[in-house]
1. Restricting segment 196-227 to residues that are β-branched (Val, Ile, Thr) and surrounded by 21 or more Cβ atoms within 10 Å (Cβ to Cβ), which is nearest to the chain's Cα centre (by Cα)?
2. Filter segment 139-151 down to the residues that are under 16 Å from VAL184 (Cα atoms) and more than 19 Å from the chain's Cα centre (by Cα) and list them by number.
3. From ARG328, ARG318, which residue is buried (at least 18 other Cβ atoms within 10 Å of the Cβ), touching a Leu at 6+ places or on another chain (Cβ under 7 Å) and under 24 Å from ASP259 (Cα atoms)?
4. Quick one: which of LEU371, LEU410, LEU403, LEU398 is in contact (Cβ under 8 Å) with a residue 40 or more places away in the chain and closer than 21 Å to ALA255 by Cβ?
5. Give me the pairs: first residue in segment 67-79 and in contact (Cβ under 8 Å) with a residue 40 or more places away in the chain, second residue small (Gly, Ala, Ser), beta-carbon distance under 7 Å, and six or more apart or on different chains, which are they?
6. Looking at this structure, is LEU211 free of Cβ contacts under 8 Å to residues at least 40 places away in the same chain and either closer than 20 Å to GLU228 by Cβ or touching a strand residue (DSSP E or B) at 6+ places or on another chain (Cβ under 7 Å) (or both)?
7. Do we have SER195 as touching a strand residue (DSSP E or B) at 6+ places or on another chain (Cβ under 8 Å) and modelled with pLDDT of 95 or more here?
Amino acid sequence: MLSRFFKPPSQTRAERVEDLSAADVKRRLALAKDSRTDKEILYYLAEKDPEPAVRRAVVKNKAMPAHVAPIVAMDRDVDVRLALAGRLVDLLPEASADEQSQLYAFVVQALGTLALDEVLKIRKALSSTLKDHACAPPKIAGQLARDVERDVSEPILRYCAVLSDHDLIDILKAHPASWVIEAVAKREHVSETVSEAVIDTDDQPGSVALLTNDGAELSEDFLHTIIEKAKNFSDWQGAMAERKALPSSIVKELAEIVDASVRDILVSRDDFDDETTEEVAAIFRRRIDFESDKFAAQKPANLLVKDLMEEGALDEARISDALAMRDRAFVIHALALKIQTLPENVEQIFEMQTAKPIVALTWHAGLSMRLALELQKQLGQVQPGDLLYPKDGSDYPLSEAELVWQLEFLGFKGA
């Protein structure tokens, strides 16, 4: 009779264990499956029974005592552990209702063990189940997201909503593979801080995925940073041009750097206001005119610059266009002519890769601080942390005395 195992009888524990040991597999299996079986018996069967089928039956039993789960998570049989993974996921909604309960503690402890299981299919099963589970414990999600196997970590990185920003940023800072960055970039929602961490990796596929993701948050300030990077990553330019709800300041700045194929994308958009549309068109017309004039002239940079100077046409817009078109020779000769020095002297200033001399040179040429910033970045290759930025949006950050001192130090007497 099995009924004596359903509720605690007058027998001692030792006597009941002796009875179980004498029972055949069929009787033990029946007890393991029956929800009326006393929890102490189920615990004993889950921990001690030599037959994997019996231990697996206990795991599948709705009456399984939760406190046995951490022990079963280390069971020697793979199928028992796999069955436990499914059982624990089923228990999560109930356990999560009170995260301070013993039930939740046992479930999370057992899941943590399974998330580190040496058998790949167990970790894969856990990952594929928890990736869409609203009650997935964040700690477990973090463990799975760091798994070295792509089949385990990618679903969590891509879909698991409970994975914290802290975990995501920590993973991105660990120099991960490109597919890791791309999985994070494609999440349904990506916060500003995580978006910045993705871009900071300089991974091209991941960054393009982020820029084309409408669920990725990007501040206007950081969009300016992205445009700076996009000067070196052409794939980013197209992704930026297609991004929805771009601020007008970003659209204009983007128009200054993109190539012909990306220009077509910007021109074809119908969500810009009239003023922005006209400014973008004007930038493109100016660029086309610059290239046409240069082609028509069929002259080296020094002669072309001299002709433009004589015509009174060597203005900031021309130099800015040349800088945007990566025409270094034109920019160097233009600056040299404007300050009446040799081109090699200008080259030497940029080779210093120092902000103040470049800013002083630009000021001496009668050009704006905004152009000075671009010259620092593009020709001077000044490190981001050492750049000098416009004061109040457009003014030079150095006093006239400081600028003159810089020029005299560089050898421009009486500047």
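The values are calculated or read from the model by the stated rules, or taken from the named source; none is laboratory data. This structure is a prediction, so every number in the text was calculated from the model and none was measured. Cβ atoms come from the backbone with ideal geometry, glycine included; neighbour counts cover every protein chain shown.
1. Kept after step one, since they are β-branched (Val, Ile, Thr), are these residues of segment 196-227: 198-199, 201, 208, 212, 225-227.
Okay, now just the ones that are also surrounded by 21 or more Cβ atoms within 10 Å (Cβ to Cβ), so 198-199, 226.
Working: VAL198: 2, ILE199: 6, ILE226: 13 Å.
Ranking the qualifying residues of segment 196-227, first place goes to VAL198.
2. So in segment 139-151, the residues under 16 Å from VAL184 (Cα atoms) come out as 141-151.
GLU149, ASP151 - these are the residues of segment 139-151 that are under 16 Å from VAL184 (Cα atoms) and more than 19 Å from the chain's Cα centre (by Cα).
3. The match here is ARG318.
4. Values: LEU410 fails: closer than 21 Å to ALA255 by Cβ; LEU403 fails: closer than 21 Å to ALA255 by Cβ; LEU398 fails: closer than 21 Å to ALA255 by Cβ.
It is LEU371.
5. ALA69/ALA110; PRO70/ALA110; ALA73/ALA110
6. Considered against the rule, which asks whether it is free of Cβ contacts under 8 Å to residues at least 40 places away in the same chain and either closer than 20 Å to GLU228 by Cβ or touching a strand residue (DSSP E or B) at 6+ places or on another chain (Cβ under 7 Å) (or both), LEU211 comes out as yes.
7. Details: touching a strand residue (DSSP E or B) at 6+ places or on another chain (Cβ under 8 Å): yes; modelled with pLDDT of 95 or more: yes.
Yes, satisfied.
Yes/no per residue for (1) modelled with pLDDT under 95; (2) under 32 Å from the mean Cα position of the chain (by Cα):
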| residue | (1), (2) |
| --- | --- |
| LYS356 | no, no |
| ARG370 | yes, yes |
| LYS377 | yes, yes |
| GLN383 | yes, yes |
| ASP395 | yes, no |
| VAL404 | yes, no |
| ALA415 | yes, no |
